[in-house]
Each structure stands twice: as C-alpha cells, then as structure tokens.
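Peer 1: A single structure is presented below for examination.
The values are calculated or read from the model by the stated rules, or taken from the named source; none is laboratory data. All of these numbers come straight from a predicted model, not from anything done at the bench. Please note: Cβ atoms are built from the backbone with ideal geometry, for glycine as well, and neighbour counts cover all protein chains shown.
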Amino acid sequence: MTNRILAEQQETRRPRAAIFQKCQKFTRARELIEAGIYPYFHTVESAQEPEVVCDGRPMIMMSSNNYLGLTSHPKVKEAAIDAVRRYGTGCAGSRFLNGTLSIHEELEQQLSQFLHKEAAIVFPTGFQANLGAISALVGKQDVIAIDKLNHASIFDGCRLSFGQIRKYKHNDMTDLERILRGSDGRAGFVVVDGVFSMEGDVADLPGIVELCRRYGAGLMVDDAHGIGVLGRDGRGTAEHFGLEDEVDVIMGTYSKSLATIGGCLAADADVIDYLKHHARALIFSASLPPAPVAAALAALRIIENEPERRERLWRNANYLRDGFRGLGFDTGVSETPVVPVMVGDEEKVLYTWRRLFDRGVFASPVLYPAVPPGMALIRTSCMATHTVEHLDLVLDVFAQVGREMGLIN
Ligand code: PMP
C-alpha cells in the first residue's frame, strides 16, 4: 500500500478509541526495522536443526531449545503422523469434558513414572501449566516466594493468584530465608526455575529444599530447561541434586527437549487431582492435540533409551562455553546448554545481533524485561546435533563480531 493511500485512509478513519492510543504511539518496532536492527519474527523456512534457512539464507541455528535434536527424529515424526491418522487433528474441547484421549492418559502415566511422582497432568502449554498450578494452589492468605529471574509464566501465575507475592534476589538463600521467616505461619510456597532460561545457571535446590523444610513451605520447580538435560537419566534438576522426593511439584514443557509443544505438572496424586479440578488454564482451554501428545511420548522414550544424546549435548555445551570464555567473552553464570554472552547495553546487543545474523549465525538478543535493565545479552543454546564444525564456525563469527563491537580484545 502506498503512503498516499495510507494517509487518505487515516484521514477518513473514525477517531481511535482511547484504549488503542497506545498502539498508535508504539513506534519502537518500526524504528528498529528502519535502523535495520529489528531482531524478532524472522522467518525460518526449515526444520529446527543446527542448519536452517532463514529469510532465504542458510544459517547456523544457535537459538533453539531443541536441546536433544528430536524435532526431526523419524520416530517422533512418525508417532505424530500416526496419532493424526488415528485421532485426527484436534480434540475440540477441554480435557475436563470431551477432550481426554487415551494417549493423554498414556503420556501422564509415562511422565509420572519418568519424573518419579505419583501422578501427572498434561497441559496445552508449559505457560498454562504454570498459570494453572500457581493460581489454583495459592490462596489469599498464602505467601509465594519466587526468584527474581523466574520465567514470565510464573510471574503471571502469581498475578492470577490472590496470594502475597514476594520476590527474592536471584539464587540468594539469605533473601529467601528472610521471606519465609517473615511469613508468620501463613502457608508458604516457593516456585523456582530449575535452569534459568536466559542466564543458564541452575537453582540452588539443596539450599531451597533446606529452607522449605525448615519453614514448612511447599516447593515447585519449573524444569522447562532441565528435563532431558540435567540428571543422570535426564529427569531434570531434582534428579541432578538427588532431591526428587523433596520437590512437591515438577512443572515441565514439551517445547524444548521433548521436541513439540505442551506442558505438564507432576506431583502427589491428591495434588494432581486437586489441580485437575481447580486449574482454570486446564479446565477452560482445549486439550493438547493428538500429534504433540504422541510426539512427546516418542521423545520421552528416546530420552530414556538414548543417553548418548544428552552426552553429546553436554560435550557441545562445554565446548561452546569454553570457546567463548577462551576468546574473552563474559558468559556470566552459565553452567548448562544455555550459554549467554553478556553485553549490557541494549543498542549494542541489537547491533551485535545484526552482525552475527549477517554472517550466518542465528542467536537471540535478550532485552529487558526478559533480563534486568542494563543486563542485555545474546543468548545461545546448544543442540546434541550440532557438530564441532558448526560450533567452530560460530565461535569464529563471534570472535570477529566481538572484536568489532569491543566486547573482546
Ligand atoms: N518456563 C520456562 C522456564 C520457559 O523457558 C518456558 C518457555 N520459554 C515456559 C515455562 C513456557 O513453556 P511453553 O513454551 O511450553 O509454554
């Protein structure tokens, strides 16, 4: 549409309702596009593999949460296709009413076994699992303590609950204790990411468990980035620390290692039963379609049977992190396959991103509010299916761009 037609349309348009004025005033995205540093919604035209085609160009994907590389695994794809053949494309209703299929129940049984919990419940997404669990469990009189760097869905779950929300400094047990000590006998609930999704560090679960025990608080771990990645058998952060019995609720997503979409909660049977009947994000939303349920089931089987994928993932993660550090980059507190490169300034991150992108490396700029103000970073994440050649190329491009941007000498 030409500018003249647009201008004419705007002139003849009825006045905008006040509610939309903020949309008219929102120019940031357009400004970034004009400056050539808009990093969002770029079109990937191929599967989430180490090499992708993006905006028509081949690139190395360093931004995917497909940690084990299972989104293109033939068994996972076949399982999804078979499920569509048998059950069709959707459930057309909530789990609560018509939308519970036999494969939902099979996945719940497999997940509860895998996560060493009595029961599990499948959600349409991980985001909804957090919204549903927190808003259903936390009442007006309850105190919920959350790490300041937890995922947005935990913050939103807290907003939907009527509880007293208290944030503690990132992984700071003294600050968490201050909150739990001050909760004056009210029921306490600690909710924490197992692996922090932008920083790539791991929650101090032993410290948290100790405090929860001392102050009688419940504990929920969002293990979106831990399942399939941490622990000897890939059961996540609780397994990594040998604390599976101490975590009351494990939340998981299938949008990362499990190679599809969907979420879950695993806990004692009475807790799951309560959530099945009180979590509004479950009850009032359509159930997860057959294809992702079957894909998650197949991915879970592969996680159990092919531990070498997890080993390859860790070899890659350590190689990349050591490579960055060797070049002089600041990778912060990363200790997992999530490896950030700290930049600080937002504009600088966007120009760094652009130069990486132009040289064929697809990494993600992460700005406020996903990280605290002034702590902008480039997030990279490894897959088991990256080769050393991919990672060497990425390190090479980062070295060139890092020098140009003054991030390293
Ligand atoms: N928790 C964390 C820590 C996450 O990183 C994400 C996804 N980015 C979610 C929850 C939400 O999961 P989903 O993608 O399944 O909605």
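Peer 1: Find the residue count for segment 39-97, including only residues that are among the aliphatic types (A, V, I, L, M) and either under 23 Å from the mean Cα position of the chain (by Cα) or within 21 Å of ARG359 (Cα to Cα) (or both). Talk me through it step by step, then tell me what you get.
Peer 2: As a first pass, look at segment 39-97 and keep what is among the aliphatic types (A, V, I, L, M): 44, 47, 52-53, 59-62, 68, 70, 76, 79-81, 83-84, 92, 97.
Keeping just the survivors that are either under 23 Å from the mean Cα position of the chain (by Cα) or within 21 Å of ARG359 (Cα to Cα) (or both) gives 44, 47, 52-53, 59-62, 68, 70, 76, 80.
Count: 12.
Peer 1: Could you tell me whether any residue of segment 342-351 is hydroxyl-bearing (Ser, Thr, Tyr) and either touching a His at 6+ places or on another chain (Cβ under 9 Å) or in a loop (DSSP other than H, G, I, E, B) (or both)?
Peer 2: Filtering segment 342-351 for residues hydroxyl-bearing (Ser, Thr, Tyr) gives 351.
Cutting the leftovers down to either touching a His at 6+ places or on another chain (Cβ under 9 Å) or in a loop (DSSP other than H, G, I, E, B) (or both) gives us none.
No, because not a single residue in segment 342-351 is hydroxyl-bearing (Ser, Thr, Tyr) and either touching a His at 6+ places or on another chain (Cβ under 9 Å) or in a loop (DSSP other than H, G, I, E, B) (or both).
Peer 1: I've got another one for you. Given the condition at pLDDT below 95, away from the ligand (no atom under 15 Å from the Cβ) and either in a loop (DSSP other than H, G, I, E, B) or of a type in the set (A, V, I, L, M) (or both), answer yes or no: does some residue in segment 187-194 qualify?
Peer 2: Yes, the conditions are met somewhere in segment 187-194.
Peer 1: When ASN171 is evaluated against the numbered criteria (1) closer than 21 Å to ASP270 by Cα; (2) part of a loop (DSSP other than H, G, I, E, B), which criterion, by number, is the only one it fails?
Peer 2: (1)
Peer 1: Still on this structure, I have one more. Looking only at segment 157-167, which residues are surrounded by fewer than 21 Cβ atoms within 10 Å (Cβ to Cβ) and within 25 Å of VAL333 (Cβ to Cβ)?
Peer 2: Listed by number, the residues that qualify are ILE165, ARG166, LYS167.
Peer 1: Report the residue count in segment 155-168 for those that are outside any helix (DSSP H, G or I) and within 23 Å of PHE284 (Cα to Cα).
Peer 2: So the first thing to find is which residues in segment 155-168 are outside any helix (DSSP H, G or I), and the list is 161-168.
Still in the running and within 23 Å of PHE284 (Cα to Cα): 161-163.
Total satisfying the criteria: 3.
Peer 1: So the check is Cβ under 7 Å with 6+ separation or different chains; which pairs have a first residue in segment 59-70 that's more than 16 Å from VAL229 (Cβ to Cβ) and of a type in the set (Val, Ile, Thr) and a second one that's assigned to a loop (DSSP other than H, G, I, E, B) and more than 16 Å from the ligand (Cβ to nearest atom)?
Peer 2: ILE60/PRO50; ILE60/GLY360
Peer 1: Would you mind finding the one in LEU393, LEU327, LEU356 that is farther than 30 Å from ILE81 by Cβ, surrounded by fewer than 21 Cβ atoms within 10 Å (Cβ to Cβ) and in contact with a Phe, Trp or Tyr (Cβ under 8 Å, 6 or more places away or on another chain)?
Peer 2: Exactly one residue qualifies, and that residue is LEU327.
Peer 1: Give PHE324, PHE329 a once-over and let me know the one that is outside any helix (DSSP H, G or I), closer than 30 Å to LEU407 by Cβ and touching a residue at least 12 places away in the same chain (Cβ under 8 Å).
Peer 2: Only one candidate passes the filter, namely PHE329.
Peer 1: Within segment 68-154, which helices (runs of 4 or more DSSP H) (wholly inside it) include 1 or more residues that are surrounded by 22 or more Cβ atoms within 10 Å (Cβ to Cβ) and either basic (Lys, Arg) or within 16 Å of the ligand (Cβ to nearest atom) (or both)? Show your work before the answer.
Peer 2: Values: elements: 74-87, 102-114, 126-137.
Here the list reads 102-114, 126-137.
Peer 1: If I filter segment 352-382 down to residues being assigned to a strand (DSSP E or B) and free of Cβ contacts under 8 Å to residues at least 40 places away in the same chain, which single residue comes out as farthest from HIS225 (Cα to Cα)? Steps first, please.
Peer 2: Our first condition is that a residue be assigned to a strand (DSSP E or B); within segment 352-382, this holds for 361-362, 364-366, 376-381.
Okay, now just the ones that are also free of Cβ contacts under 8 Å to residues at least 40 places away in the same chain, so 376, 378.
Details: ALA376: 20, ILE378: 17 Å.
Looking at the filtered set, the residue picked out is ALA376.
Peer 1: Just to be sure before I move on: is GLY182 of a type outside the set (A, V, I, L, M, F, W, C), over 17 Å from the mean Cα position of the chain (by Cα) and either surrounded by 21 or more Cβ atoms within 10 Å (Cβ to Cβ) or within 23 Å of PRO124 (Cβ to Cβ) (or both) in the structure I sent? Please lay out each step first, then the result.
Peer 2: Details: of a type outside the set (A, V, I, L, M, F, W, C): yes; over 17 Å from the mean Cα position of the chain (by Cα): yes; either surrounded by 21 or more Cβ atoms within 10 Å (Cβ to Cβ) or within 23 Å of PRO124 (Cβ to Cβ) (or both): no.
Judged against the criteria, GLY182 is not a match.
Peer 1: Okay, next question. Does VAL394 satisfy the criteria of being closer than 25 Å to SER255 by Cβ and either in contact with a strand residue (DSSP E or B) (Cβ under 6 Å, 6 or more places away or on another chain) or at pLDDT below 95 (or both)? Please lay out each step first, then the result.
Peer 2: Working: closer than 25 Å to SER255 by Cβ: yes; either in contact with a strand residue (DSSP E or B) (Cβ under 6 Å, 6 or more places away or on another chain) or at pLDDT below 95 (or both): yes.
In short, yes.
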